[in-house]
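One structure below.
The values are calculated or read from the model by the stated rules, or taken from the named source; none is laboratory data. Values in this document were obtained by computation on a predicted structure and should not be read as measured data. Using ideal geometry, Cβ is built from the backbone for each residue, glycine included, and neighbour counts are taken over all protein chains shown.
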Amino acid sequence: MSDTTYPPSDEFVKNAHVDAAKYKEMYEASVNDPEAFWKGQMGRLDWSRTPTKIKNTSFDYHNVSIKWFEDGELNVSVNCVDRHLAKRGDQTAIIWESDDPNVDMHITYNELSEKVNKFANVLKGLGVGKGDRVVLYLPMIPEAAYAMLACTRIGAIHSIVFAGFSPEALAARVSGCDAKLIITADEAPRGGRATPLKKNVDKAREHCGDVATLVVERTGADVGMGDRDHGYTALMADASAQCAPEPMNAEDPLFILYTSGSTGAPKGVVHTTGGYLLYAAMTHEITFDYHDGDVYWCTADVGWVTGHSYIVYGPLANGATTLMFEGVPTYPDAGRFWAVCEKHKVNQFYTAPTAIRALMGQGNEWVTKYDLSDLKVLGTVGEPINPEAWNWYNEVVGKGNCPIVDTWWQTETGGHLLTPLPGATATKPGSATTPFFGVQPVVLDPQSGAEIKETECEGVLCIADSWPGQMRTVYGDHERFVKTYFSDYKGYYFSGDGCRRDADGYYWITGRVDDVINVSGHRMGTAEVESALVAHSKVAEAAVVGFPHDIKGQGIYCYVTLMEGEEYTDELKTELRNWVRQEIGPIASPDYIQWAPGLPKTRSGKIMRRILRKIAENDYGALGDTSTLADPSVVDDLIANRKQD
Ligand code: 6R9
């Protein structure tokens, strides 16, 4: 851990939205009088009915309820499109960079408006109305943004499923929200290869029923259209370019996004209209110090929350130019990110530590051969960034001139909670630094749950009061929402992360304290991988843990016990790996599968993951107390058989 600090340059500070003094003043105002503070920020959005009630929130375990701007009315597509037309109709809203480096497209706000209106009418024509759920299973193409905004125009609730998820995972999410329509594409080109999205939808519909599907013709491949399938191009050609926006209550659901937790199936995180959009817009402007005319690029996928808040909603609410990239960082070569930055004169660049680590290993020439002089701010998200990667990002990519914003947040939080502000915060490599406006982080003792008052400390990271971008509930299961986030530490929102606070009050995220692992910035519940493994006929029991991985941050380590009479062979190992990929998707592909004749369990039958984690980490000295195990000898077997790949 490094404690060297990197203050912003005087030149940067001069032009920044927020400098150190303003941060201090605004932060204090935001926590001393949240009502007044957020009332003052409301004007960032256009409301068809101005809210008079600002904050009505309770973290009380018996009565968790979160409402912001509850009597306000607005429409998200109006805020992201219509209201910009008079001033910036001809400005580029979306730059689309295709997987093929020779193909790109600029979409102006006028064009965006036409597409969104038409698309909204297409949805209506297919019987979709206010409150209906629509699943998007799409490549990173402009139609993904059109589809999201079209849903918001008519008040439909979208639920995006990352295009890397398997048909089985897709089916579970379609059923989970009882979707009326799936929007997909024929194929998704990425890194020169095409994923057969429409075929995956066909397979998913064998499980979730024959849900109507709209198919965007991305590659034109012949994918076979059935009775329930509709071609996008033909419907758009006939659609009217005028669709009146549905006025929505601030607390009407905007979208559902499934995310992994420590237990059970992924949960549908629900975000609502007013608070979410305001928070996404404000953090986008201030965290990245976005100024009119800047070109902003977030490399995430719209299938994750980062894509929702920081490719589509935040930037478009601000009238920004946002870049959408269909490809991968290493295609056609390891210079792709920097070639795109040069080509489109990118000013703010936002990516994940896993990508930085992977590119760092390819050599500096891939970066230095491009002109990156337009870059002003660099961002990271998704997992802790190690100081080596931070320093490389700072020196080789930013040439020491670009503040780095290490943004800590979650699907549940809607937007950044801990982050440097580029003109205000002296950064430290590896620290997400200090809270955004309105955010009150606290560090709790994991055992007693008591708040640690000393500045320097370590514990679990909770948040003491609500902010507008917070999730409101788990779709269809409010009890699970309360249980997951408000029951372990009463009166607080529990993030699931551990952290350290240093003498300067800076926060350093130490990783999850629950059974969630973070693989290349993607969240995965070990329980999900375990249930995929035990669904295989030859597997009796499985335990899955994370282990440190140089590029991915964490890798997936699986222990399996087999059904009586089954033999563990290399073929079975391959079969199990493919099985998990098929059940969840390639991102859940196990790095190691170890045969375990027995798993370490307590006498009450609980698997002791702490021990399995240590074995996966190759850290036998720290196994700790194994005397409470029902059969301590299984540990020796596990050590003897470790990583026999
Ligand atoms: C936005 C996003 C959330 C989890 C979170 C934490 C980890 C995210 C981080 C970070 C350290 C950062 N995380 N940002 N850890 N530093 N800057 O990633 O949402 O997919 O829900 O993951 O990711 O563990 O709890 P999500």
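Couple of notes before you dig in:
- Beta carbons closer than 8 Å, at least 6 apart along the sequence or on distinct chains, pair a first residue in segment 19-42 that is loosely packed, with under 15 Cβ neighbours inside 10 Å with a second that is part of a helix (DSSP H, G or I) for Ala36/Ala29.
Every residue, every condition in (1) of a type outside the set (Val, Ile, Thr); (2) part of a loop (DSSP other than H, G, I, E, B); (3) within 36 Å of the chain's Cα centre (by Cα), yes or no:
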position	(1), (2), (3)
Ile593	no, no, yes
Leu612	yes, no, yes
Asn618	yes, yes, yes
Gly621	yes, no, yes
Gly624	yes, yes, yes
Ser627	yes, yes, no
Val634	no, no, no
Leu638	yes, no, yes
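- Of the residues making up segment 277-287, those that are within 22 Å of Arg153 (Cα to Cα) and either surrounded by fewer than 23 Cβ atoms within 10 Å (Cβ to Cβ) or away from the ligand (no atom under 14 Å from the Cβ) (or both) are Leu277, Leu278, Ala281, Met282.
- Taking segment 449-464 as the range and being farther than 23 Å from Phe37 by Cβ, part of a strand (DSSP E or B) and not charged (D, E, K, R) as the test, the residues that pass are Cys457, Gly459, Val460.
- Note on segment 170-186: residues that are buried (at least 24 other Cβ atoms within 10 Å of the Cβ) and more than 18 Å from Leu126 (Cβ to Cβ) amount to 2.
- When residues of segment 344-390 are limited to those that are within 16 Å of the ligand (Cβ to nearest atom) and assigned to a loop (DSSP other than H, G, I, E, B), the one surrounded by the most Cβ atoms within 10 Å (Cβ to Cβ): Ile385
- The single condition among (1) assigned to a helix (DSSP H, G or I); (2) surrounded by 24 or more Cβ atoms within 10 Å (Cβ to Cβ); (3) touching a helix residue (DSSP H, G or I) at 6+ places or on another chain (Cβ under 8 Å) that Arg205 does not satisfy is (2).
- All of Ala212, Ala194, Ala237, Ala221 fail the test of being in contact (Cβ under 8 Å) with a residue 40 or more places away in the chain and of a type in the set (Gly, Ala, Ser), apart from Ala212.
- Candidates Cys402, Cys462, filtered to the one that is within 13 Å of the ligand (Cβ to nearest atom), free of Cβ contacts under 8 Å to residues at least 40 places away in the same chain and either farther than 19 Å from Ser309 by Cβ or basic (Lys, Arg) (or both): Cys462
- Within segment 483-500, residues that are of a type in the set (Lys, Arg) sit with their Cβ atoms under 8 Å from residues that are within 16 Å of the ligand (Cβ to nearest atom), at 6+ positions apart or across chains, in these pairs: Arg500/Glu458; Arg500/Tyr507; Arg500/Trp508; Arg500/Thr510.
- The criterion of being among the acidic types (Asp, Glu), on the phi < 0 side of the Ramachandran plot, touching a residue at least 12 places away in the same chain (Cβ under 8 Å) and away from the ligand (no atom under 16 Å from the Cβ) does not hold for Asp301.
- The single condition among (1) in a loop (DSSP other than H, G, I, E, B); (2) at pLDDT below 95; (3) more than 16 Å from the ligand (Cβ to nearest atom) that Gly319 does not satisfy is (2).
- Matching entry among Ala93, Ala145, Ala156 (being buried (at least 19 other Cβ atoms within 10 Å of the Cβ), in contact with a helix residue (DSSP H, G or I) (Cβ under 6 Å, 6 or more places away or on another chain), assigned by the TED database to the domain that holds Ile182 and among the small types (Gly, Ala, Ser)): Ala145
Yes/no matrix, rows are residues, columns are (1) modelled with pLDDT of 95 or more; (2) assigned to a strand (DSSP E or B); (3) within 20 Å of Ala179 (Cα to Cα):
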site	(1), (2), (3)
Gly220	yes, no, no
Val223	yes, no, no
His230	yes, yes, yes
Ala237	yes, no, no
Ser240	yes, no, no
Pro245	yes, no, no
Phe255	yes, yes, yes
Thr263	no, no, no
Gly268	yes, yes, yes
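- Flag for Gly511 being at positive phi and either within 11 Å of the ligand (Cβ to nearest atom) or among the aliphatic types (A, V, I, L, M) (or both): yes
- Subset tally (residues that are in contact with an Asp or Glu (Cβ under 9 Å, 6 or more places away or on another chain) and in contact (Cβ under 8 Å) with a residue 60 or more places away in the chain) for segment 586-619: 4
Listed here are the residues, each with its yes/no results for (1) over 30 Å from Arg190 (Cβ atoms); (2) exposed (fewer than 14 other Cβ atoms within 10 Å of the Cβ); (3) at pLDDT 90 or above.
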{"site": "Ile587", "(1), (2), (3)": "no, no, yes"}
{"site": "Gln594", "(1), (2), (3)": "yes, no, yes"}
{"site": "Lys606", "(1), (2), (3)": "yes, yes, no"}
{"site": "Asn618", "(1), (2), (3)": "yes, yes, no"}
{"site": "Asp631", "(1), (2), (3)": "yes, yes, no"}
{"site": "Asp637", "(1), (2), (3)": "yes, no, no"}
{"site": "Asn641", "(1), (2), (3)": "yes, no, no"}
{"site": "Asp645", "(1), (2), (3)": "no, yes, no"}
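- Identity of the residue in segment 288-298, part of a strand (DSSP E or B) and buried (at least 24 other Cβ atoms within 10 Å of the Cβ), that ends up nearest to the ligand (Cβ to nearest atom): Cys298
- If the condition is being hydroxyl-bearing (Ser, Thr, Tyr) and either over 18 Å from the mean Cα position of the chain (by Cα) or closer than 26 Å to Arg480 by Cβ (or both), then segment 511-529 contributes only Thr526.
- In the set (1) under 30 Å from Lys573 (Cβ atoms); (2) near the ligand (Cβ under 9 Å from one of its atoms), Ile517 fails one condition alone, (2).
- Hits in segment 410-445 - residues which are more than 15 Å from the ligand (Cβ to nearest atom), out of contact with any helix residue (DSSP H, G or I) (no Cβ under 6 Å at 6 or more places or on another chain) and under 23 Å from Thr473 (Cα atoms): Val442
- Meets criteria (assigned to a strand (DSSP E or B) and either buried (at least 21 other Cβ atoms within 10 Å of the Cβ) or away from the ligand (no atom under 15 Å from the Cβ) (or both)) for Val396: no
So that you can scan it fast, the table gives a plain yes or no per residue for (1) modelled with pLDDT of 95 or more; (2) in a loop (DSSP other than H, G, I, E, B); (3) surrounded by fewer than 17 Cβ atoms within 10 Å (Cβ to Cβ); (4) more than 13 Å from the ligand (Cβ to nearest atom):
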| site | (1), (2), (3), (4) |
| --- | --- |
| Gln447 | no, yes, yes, yes |
| Ser466 | yes, yes, no, yes |
| Gly469 | yes, yes, no, no |
| Glu479 | yes, no, yes, yes |
| Thr484 | yes, no, no, no |
| Ala503 | yes, yes, yes, yes |
| Met524 | no, no, no, no |
